[in-house]
Amino acid sequence: MVFKSNHADLAIPEVDIWTLLFERNEKEWTDDKELFIDGETGSAYNFTQLKSTALNFGKGLKSQWNWKKGDVLGIFSPNSIDYAPVVFGTLWAGGVCSTANPTYTVKELAFQMKDSKVKGIATQLAMLPTVLEAAQQIGIPEDRIILIGHDRDPSGKLQHFTQLKSTSLLNLSYQTRVDPKKDLAFLVYSSGTTGLPKGVMLSHTNIVANVLQFSSAEKRSGLHCMGGPDGKGDKQLAVLPFYHVYGLTCILHATVWDGYQAIALPKFELEKACKLIQDYQVTFAYVPPPIILGFAKHPIVDKYDLSSLKWLNSGAAPLTGELVDAVWERLTIPTKQGYGLSETAPVTHMQSVLEWAKFKGSVGPLMANMEAKVVDLDGKELSVGEDGEIWLRGPNVFQGYLNRPELAKDTFSECGFFKTGDIGHSDAKGNFYITDRLKELIKYKGFQVAPAELEGILLGHSEIADACVIPAFDRERSEEVPRAYLVMKEGVPRTDEKAKELIDWVASKVAPHKQLRGGIRFIDEVPKNPSGKILRRVLKEQAKKEDRA
Ligand code: 4UW
């Protein structure tokens, strides 16, 4: 059967993101309301400042960098309020943003920037050594690197994004027109169901649709924008990284659409987050489960008055009912859940805050304009209560993987459903439950780890004959972690010391979230099917048994 959203379809306008957010006739709040506030310095952008800074940047790109429709800007930065004008200015100029994880190594950054063919990179001073090296490797000249954030380049060589000059040529002062349905707005990277990270092509319409779907779901939840210049109204803690689609749509875009205030922190630190909640009277936060765990269990939380918080929303990784209960017992606030993927821009399911206790463990019903199928391994459609792979269709579903048209047939069904690689079911009321993962992906604290990437690195080691990386479960911290099963070459000791040496060796080559926190196990052979495909399930089951023991 096809599961349809319980909510009436929304009219999704055929406009680009800039037009939706900035060329609007009506909004419930005034232009001088501060939308993005830097939690560390207190500096802020109100709507007017955001729009004019973004416009200046967009004009600067066109004048100084000869920016054309479809040109790509790489953004490599932790959360900064400058992320907003840089993204929106690039979109105004017809560009596409390729947003990268700010903890990437040179190699990881160079891979994404090259793959998405960036014309320039926006970054922060502290990250310059990584960017300069990556840029040199892929042939991006130094004058195509611009800074965002507080710090300026002491050598004066690199421009700050606010310094890009625009000429007065008339044709450069108009927004570059795009086709919202076809033209891309973002390239975010995801490994999908298998293999290495790939550019997820998100069009303007994908994001416009998801902002509206998400906003209407949250309004049903009782999130209201009562804000005005006095700062009243709903405020969110913006700790989800803006480079990730969850922070990009649900914070960066939704804040401008709905007029909440977003208090931005470059990095999650529980004590700083608690202090900001207390000082700014934050009312809600979108966070992954490890942060929920902090709110539920960490002693530091008791030092602060968090009574302004109305609810938390968890997503990006599984959340246990015990954790939901623990938050309620400590803070007397609901923790609701959402679900989505980079490929769906991202939100597809959203629990209402009014139903968090009734359907604990559910990610909620399908959002408006969405349809789903649950299918077995042969593609047979299943019905209510039966677990199978979740397939999704809607205006927020992406355009395919960049430069990988051959993946389309495995990614989409014949009737245009996107195959998520997640396993779950719907109950009779349309609430979905995610119960397992069919795909290879590992999620560490909500961050993607592609097993194929770690296996590639491990196979490059002179002592390793074969490798398989799978998700293990760290029971103490209640989180998924990558674990490697290795076949060593003859004569190599299979000792704890060797395992530690290899774990450190991998750590020196990857971003922190990809480290082998689940350890290394030595085996005689990686299980494979007759055509040589790794049978991950076998090792996943083995890991499950080990982790339970
Ligand atoms: N429970 C179990 C969940 C859940 C989950 C995601 O890195 P990506 O591509 O994307 C994300 C998106 C997170 C997200 C989107 C919208 C939303 O409302 C929300 O909460 C509000 C979170 O992380 O990884 C996608 C993969 O992450 C897993 C699942 O395996 C999915 O395919 N995942 N949310 N609630 N697993």
>> Which condition from (1) modelled with pLDDT under 95; (2) surrounded by 24 or more Cβ atoms within 10 Å (Cβ to Cβ) is the one that Phe242 breaks?
In response: (1)
> Among Ser413, Ser383, Ser426, Ser352, which is the only one that is away from the ligand (no atom under 15 Å from the Cβ) and surrounded by 14 or more Cβ atoms within 10 Å (Cβ to Cβ)?
Replying inline: Ser413
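Yes or no, residue by residue, for (1) modelled with pLDDT of 95 or more; (2) surrounded by fewer than 17 Cβ atoms within 10 Å (Cβ to Cβ); (3) touching a helix residue (DSSP H, G or I) at 6+ places or on another chain (Cβ under 8 Å):
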| residue | (1), (2), (3) |
| --- | --- |
| Ile75 | yes, no, yes |
| Val96 | yes, no, yes |
| Gln124 | yes, no, no |
| Ile146 | yes, no, yes |
| Arg152 | no, yes, yes |
| Lys157 | no, yes, yes |
| Leu172 | no, no, yes |
> Out of the range 447-481, which residues are within 14 Å of the ligand (Cβ to nearest atom), in a loop (DSSP other than H, G, I, E, B) and surrounded by fewer than 21 Cβ atoms within 10 Å (Cβ to Cβ)?
Replying inline: Ser478
>> On the basis of being within 24 Å of the chain's Cα centre (by Cα), of a type in the set (Val, Ile, Thr), more than 7 Å from the ligand (Cβ to nearest atom) and surrounded by fewer than 19 Cβ atoms within 10 Å (Cβ to Cβ), does Thr344 make the cut?
In response: no
>> Just checking, does the range 493-510 include any residue being touching a residue at least 60 places away in the same chain (Cβ under 8 Å) and not in a strand (DSSP E or B)?
In response: yes
>> What are the pairs with Cβ atoms under 6 angstrom where one residue, in the range 428-447, is among the aliphatic types (A, V, I, L, M) and the other, located anywhere, is surrounded by fewer than 18 Cβ atoms within 10 Å (Cβ to Cβ)? Sequence gap at least six, or different chains.
In response: Ala428/Val384; Leu438/Ile423
> If you take the residues of the range 293-322 that are within 22 Å of the chain's Cα centre (by Cα) and of a type in the set (A, V, I, L, M), which of them is farthest from the ligand (Cβ to nearest atom)?
Replying inline: Leu293
> Restricted to the range 429-446, and to residues that are part of a loop (DSSP other than H, G, I, E, B) and within 9 Å of the ligand (Cβ to nearest atom), which residue is farthest from Leu196 (Cα to Cα)?
Replying inline: Gly446
> Looking at (1) of a type in the set (Asp, Glu); (2) within 24 Å of Glu23 (Cβ to Cβ); (3) modelled with pLDDT of 95 or more, which is the only condition Asp279 fails?
Replying inline: (2)
> If the Cβ limit is 7 Å and pairs must be 6+ apart or interchain, which residue in the range 327-355 that is free of Cβ contacts under 8 Å to residues at least 12 places away in the same chain and among the hydroxyl-bearing types (Ser, Thr, Tyr) pairs with which residue that is more than 12 Å from the ligand (Cβ to nearest atom) and not in a strand (DSSP E or B)?
Replying inline: none
>> Pairs needed: first member in the range 242-264, assigned to a strand (DSSP E or B); second member anywhere, within 11 Å of the ligand (Cβ to nearest atom) and modelled with pLDDT of 95 or more; C-beta distance under 8 Å; at least 6 residues apart or different chains.
In response: Ala262/Ile251
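Sort out which residues of the range 365-379 are in a loop (DSSP other than H, G, I, E, B), modelled with pLDDT of 95 or more and surrounded by fewer than 20 Cβ atoms within 10 Å (Cβ to Cβ), and write them in order of number.
Asp376
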> Which of the residues spanning the range 355-366 are among the aliphatic types (A, V, I, L, M) and near the ligand (Cβ under 9 Å from one of its atoms)?
Replying inline: Val363
> If you check Thr41 against the conditions, is it farther than 30 Å from Lys429 by Cβ and in contact with a His (Cβ under 8 Å, 6 or more places away or on another chain)?
Replying inline: yes
>> Can you tell me which residue is nearest to Lys439 (Cα to Cα) among those in the range 528-547 that are of a type outside the set (Gly, Ala, Ser) and touching a Phe, Trp or Tyr at 6+ places or on another chain (Cβ under 9 Å)?
In response: Leu539
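The values are calculated or read from the model by the stated rules, or taken from the named source; none is laboratory data. Here the structure is a predicted model, which means the values were calculated and not measured. Backbone-built Cβ (ideal geometry, glycine too); neighbour counts: all protein chains shown.
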